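What follows is a short report on a single structure.
The values are calculated or read from the model by the stated rules, or taken from the named source; none is laboratory data. Source: prediction; values computed, not measured. Heads up, the Cβs are rebuilt from the backbone with ideal geometry, glycines too, and the neighbour counts pull from every protein chain shown.
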Amino acid sequence: AINLGWKLALVLNKKAHPKLLESYHEEREPIGHDVVEFTHKLTRVITMQSKVGTKIRNHLMPLLIQIEPFREKMVNTIEELTIHYGHSPIVEESVHEHSPELKAGSRAPDGTVTDANTGSAKRLFSIFSETRKHTLLVYTNAQDTEDVYQEINYIDKHIAQRYEDVIQTVIIGNRQIPKALEATPAQKFLDARSKIHATYGTKKHSALYLIRPDGYIGYRAIPPSLDDFRGYLKKVFL
């Protein structure tokens with residue numbers, strides 16, 4: 001429902017191409033098939049009526065539940081916690097640096113950051129859920145050059161001018177917000193211990209992560225590039 005809901009909202013409000021709705025089937029059909037197949041098998045085991053089958057089930061299931069990999073597999077499948085939309089037509093990457101970490105299509109991890117202005121702690125999930133918009137996470141670090149900051153400024157201005165109704169921009173610095181980015185209209189947070197940077201694979205380079213309203217990564221870029229990002233935005237939004 002969430003996957004379809006945010007897409008419908010954008011299309012009905014004329015903020016996205018109608019073709020966006022076609023991605024619902026392409027993203028959810030394989031997952032729905034897997035969940036149905038798993039629950040069907042589980043139901044067959046639970047509803048066994050033969051004496052032999054019942055005896056095996058009653059002895060085997062308690063043992064399997066105690067095995068962590070099996071328990072995690074069961075919970076993750078039913079709650080859909082390991083879904084990956086990497087095959088989706090509206091999921092893209094523009095990665096020019098070696099980065100085996102978090103890929104576009106993955107569920108965005110949570111973590112705690114500090115408001116650069118107030119010093120108060122805030123969870124990423126809270127930032128994502130405050131609006132029904134996409135959230136553009138812009139990760140910066142001490143190794144960034146002035147050219148990188150300039151590119152981030154271009155991106156932030158482009159979002160503010162063209163996509164402010166559908167995307168909120170959040171800059172996350174690992175120790176401080178670079179002076180070159182202080183004047184941007186984006187929200188600004190700090191990740192002093194670089195835990196979030198490590199989770200997102202951005203300790204050594206700056207990056208963009210566009211988080212969809214359903215909590216999944218729709219786009220990833222390392223390093224940030226307005227030209228590449230603009231192409232993706234035109235593909236999804238009006």
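Every residue, every condition in (1) more than 18 Å from GLU97 (Cβ to Cβ); (2) without any contact (Cβ under 8 Å) to a residue 60 or more places away in the chain, yes or no:
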{"position": "GLY111", "(1), (2)": "yes, no"}
{"position": "ASP115", "(1), (2)": "yes, no"}
{"position": "SER120", "(1), (2)": "yes, yes"}
{"position": "GLU130", "(1), (2)": "yes, yes"}
{"position": "HIS134", "(1), (2)": "yes, no"}
{"position": "ASN141", "(1), (2)": "no, no"}
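Pairs only if they're at least six apart or on different chains, beta carbon under 7 angstrom, first in the range 167-183 and assigned by TED's automatic domain parsing to the domain that holds THR145, second surrounded by fewer than 19 Cβ atoms within 10 Å (Cβ to Cβ) and hydroxyl-bearing (Ser, Thr, Tyr); list them, first residue then second.
GLN168/THR131; ASN174/SER194; PRO178/TYR149; ALA180/TYR149; LEU181/TYR149
What about ILE211, is it β-branched (Val, Ile, Thr), touching a helix residue (DSSP H, G or I) at 6+ places or on another chain (Cβ under 7 Å) and under 19 Å from ASP110 (Cβ atoms)? Break it down into steps so the answer makes sense when it comes.
Working: β-branched (Val, Ile, Thr): yes; touching a helix residue (DSSP H, G or I) at 6+ places or on another chain (Cβ under 7 Å): yes; under 19 Å from ASP110 (Cβ atoms): yes.
Yes, satisfied.
What pairs come up if the first residue lies in the range 8-22 and is more than 14 Å from LYS234 (Cα to Cα), the second is outside any helix (DSSP H, G or I) and of a type in the set (Gly, Ala, Ser), and their beta carbons are under 9 Å apart, counting only those six or more places apart or on different chains?
Pairs found: ALA9/ALA16.
Please pick out the residue among ILE172, ILE83 that is in contact with a His (Cβ under 9 Å, 6 or more places away or on another chain) and of a type outside the set (Lys, Arg). Let's see the steps before the verdict.
Details: ILE83 fails: in contact with a His (Cβ under 9 Å, 6 or more places away or on another chain).
The unique qualifying residue is ILE172.
Could you list all residues from the range 198-213 that are under 30 Å from ASN3 (Cβ atoms) and more than 14 Å from the chain's Cα centre (by Cα)? Break it down stepwise before answering.
Initial filter on the range 198-213 (under 30 Å from ASN3 (Cβ atoms)): 198-202, 206-213.
Within the range 198-213, ALA198, THR202, SER206 meet the criteria.
Of (1) surrounded by fewer than 19 Cβ atoms within 10 Å (Cβ to Cβ); (2) under 12 Å from LEU226 (Cβ atoms), GLU151 satisfies all except one. Which?
The one condition GLU151 does not meet is (1).
Go through the range 203-232 and give me each residue that's surrounded by fewer than 21 Cβ atoms within 10 Å (Cβ to Cβ) and among the hydrophobic types (A, V, I, L, M, F, W, C).
Result: LEU226, single match.
Test each condition in (1) at pLDDT 95 or above; (2) buried (at least 20 other Cβ atoms within 10 Å of the Cβ) for TYR200 and report the one that comes out false.
Status for TYR200: all satisfied but (1).
How many residues does the range 218-238 hold that are more than 16 Å from LYS19 (Cβ to Cβ) and without any contact (Cβ under 8 Å) to a residue 24 or more places away in the chain? Talk me through it step by step, then tell me what you get.
Filtering the range 218-238 down to residues more than 16 Å from LYS19 (Cβ to Cβ) leaves 219-230.
Within this subset, residues satisfying the condition of being without any contact (Cβ under 8 Å) to a residue 24 or more places away in the chain are 227.
Result for the range 218-238: 1.
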